[in-house]
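What follows is a set of notes on a single structure, which appears directly below.
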Amino acid sequence: MIGSLLTVFLFLISPTIQMDNAPGLVDVSKYEFLIQEAGDSEIKDIISNLNFKPVISQNPNFGLGSQSVWLRFKVVSAKDLEEQKYLLINNPNLDEVYFYQIRDGKVISSQVSGRTHDFGQRLIPSRKLIFEINSESGQNSDIYLNIRSSDKKIISASIADLRTINKSLNFENILFGLFSGILFGLFFYNLFLYFSLNDYTYLIYVAYIFLVWLGQSSILGYAQELLWPEWVWMNLRSNVVFSVLGSIVAIWFVQAFLKTRLNLPKLNKGLQVIYVVYLIILSGTFFGFLTLSYAVFLVTQAIVIPYVFIMSLYILKSGFKPARYFLIAWSVFMVGILLFVLTEMGLIPFSPSYFYLMPFGAGLGVILLSFALADRINDQKREYEKEQYEKLKLLEEHESRIIEQNEFLEEKVKQRTEELELTLHNLQNTQTQLVNQEKMASLGQLTAGIAHEINNPINFVSSNISPLKRDITDLLDIVNAYREKGKLEFSDASKKDLKRVEEDIEFDYILKEIDQLLRGMEEGAKRTVEIVKGLRLFSRVDEQDVKRVDIHDGINSTLILLNSSMSGKIQVYKEFGSIPIIECLPGKLNQVFMNIITNAIHALLENLDKIPEPKITIRTFHIGEKISIEIEDNGFGMPAHVKQRIFEPFFTTKAVGKGTGLGLSIVYTIIENHKGTLEVSTEQGKGTNFIITLPIYQNIQQHD
């Protein structure tokens, strides 16, 4: 009598699942659980156990270990139920699952399945665990599940008819077939590349693809279904064994592809330690320490994935271009691995879709790594072409030297006749340059002082804008919180009063005005910082040491200083190419840009009524061991007789008192001292183009 009452009581309090004729899977999301230490328990003792607790979250993770987990829920069959119902457990990695169906306190059905049991004896030959439910119409019963597993105990279950279950399994099989097809396509493609290119990196990658497929097949249960259905020893270990082997080959691939021994020798030593840890995990798995090995493997993966990501970042920053695609591929793989590890460790909630997260991440990562290998082939091809170009260039240089030797004697004679004229010319230029240099040095010191004095207060203003924006945002958040809270708790009269106050002070307009004021302050501060930067760059005209600088910075600083002189009437177009940092006297080159651009501005402003769209175009190019800078205007140009004399000292076409005639002469001398060339392309009525060519290296002492 007491047993019957207890059965009725437990039946009433157990979570209930309705079984009817509705199509689709019915998730078993509400049930009770009981965790016991390892050991067999009689079902009659479990039925009378009052320590069952309801689950808090859907699809909970009961963790790793040898504990036995009991689950209990109630099923109610509809009176018009037409089809037999089955219980589908989505986790294929459970060692043993005992199924009991209880009705009126008696066991009416008991079944067992799991990866430690004969695959051929399963009710339905599937990688997932399926149990038949006694589905008599209008009958109620309790379902008890006893789960034992050395891996994680994540329970995701559904109830459906056989047709629905087969439909779900077939869909998953199609997805796995697509996954396998992609991986094996990449496998044979890269195997072909290995035999074609004889690059052992491709062989490592082929091994990695195969182990990724084995690892994912084991995790998803396909390995047990397709490869070793009766091999219990391998079924228990395949998840860890192939995941560890795949990780070892992945680290090997990282070392070969990123050349970590050469690019990051210190961090590469950490990879050697990781090899040892993986071998220890593998040994523990073979000797039967399954739970411990799996737990250590999860922790190791959580460390290894970001470690390799950081290494690839360092190598990419060092200029190793093939690391680009690798970094993208590893990022995708990292997200999949980390979510998988965190789920397995129970740190984030489990979802049935996570079963496909790892295959998707692994498959996409493998595809992107294939792109990375292809990109490396292209880089090697470009390096080979560059080597051939350099060899051809060397041959041309040898030919040029032979011609130079033939012309040497003639040049010597000509040189002697020009020495006196050159000496006189140099003395005149030196005199004018000394005067100009002294003036520019004084101007540079004055400019540097002004820039320094402006820099401190504007930095104070600029650095306080972001905190001010955050503070105002916080205040607005508080105001909004009060407004939202007031809607629920304030009286209608209070709400009307507050609404009237907001309308009186135009609260919404104040919010917009604050945002506009902050943007204006931020834009003004940025503009002032750019002007100060330009002043500081331009103030280095008196420097005598060669430095490595970005020419674009000098051009930009000059344009900032000359912006006001254009009066908004001249458009400046910058067509900057990709050029390297060069060795030069940055202050002197700023003086060059200042003179040439100033002349262009004057030429355009003097003829604004005749030029519909005055503009200045500045271009930069990288040509071998040199760079080229073009400064072009669309003014009226110069006649041929003026073009021939523009670099002569004291020659000017301006009115008396408006020019010294020294600007372009000094510019020419500065470029000449930099071992560069200065050419002018002009034609009357068609504008003027100054072409500056500078070597990248000066072959003298430099200062960074």
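Brief remarks follow.
- Distant-in-sequence amide H partners of Val546 (H built 1.01 Å from N, under 5 Å): His703
- Short-range pairs are left out: with C-alpha atoms under 8 Å and at least six residues apart, the relative contact order of the range 245-332 is 25 percent.
- Relative contact order (%) - the range 62-210, alpha-carbon pairs under 8 angstrom, separation at least six: 32 percent
- Which listed pairs, of Lys79/Lys167; Lys259/Lys391; Lys469/Lys512; Lys469/Lys574; Lys469/Lys495; Lys266/Lys386, have C-alpha distances above 22 Å, in listed order: Lys79/Lys167; Lys259/Lys391; Lys469/Lys574; Lys469/Lys495; Lys266/Lys386
- Contact order normalised by residue count of the range 545-704, Cα under 8 Å, 6+ apart, percent: 27 percent
- 11 Å beta-carbon shell around Val55, net charge (K/R +1, D/E -1): +2
- With a cut-off of 15 Å between beta carbons, the residues surrounding Leu214 carry a summed charge of +1, where Lys and Arg count +1 and Asp and Glu -1.
- Taking Cβ atoms as reference points and 11 Å as the exclusive limit, the residues near Tyr86 contribute a net charge of 0, counting Lys and Arg as +1 and Asp and Glu as -1.
- The listed peptides 692-699, 385-392, ordered by packing as a protection proxy, come out as 692-699, 385-392 (highest mean of other Cβ atoms within 10 Å first).
- With the highest mean first, a sort of the peptides 496-506, 211-221, 266-276 on other beta-carbon atoms found within 10 angstrom per residue produces 211-221, 266-276, 496-506.
- What the phi angles of the range 280-289 give under the Karplus curve with 6.51, -1.76 and 1.60, with θ = phi - 60°, is a coupling list of 5, 4, 4, 5, x, 5, 5, 8, x, 8 Hz, glycine and proline written as x.
- Cross-link pairs Lys610/Lys643; Lys643/Lys675; Lys53/Lys128 - those with Cα-Cα distance over 24 Å: Lys53/Lys128
- Shape parameters for the range 545-704, alpha-carbon atoms, Rg then Dmax in Å: 15.6, 50
- Long-range amide H partners of Tyr31 with built H, under 5 Å: Val55
Read-outs: derived from the displayed coordinates by stated rules, not from any lab. These numbers come from a predicted model, not from an experiment. Note that each Cβ is placed from the backbone with ideal geometry, even for glycine, and that neighbours are counted across all protein chains shown.
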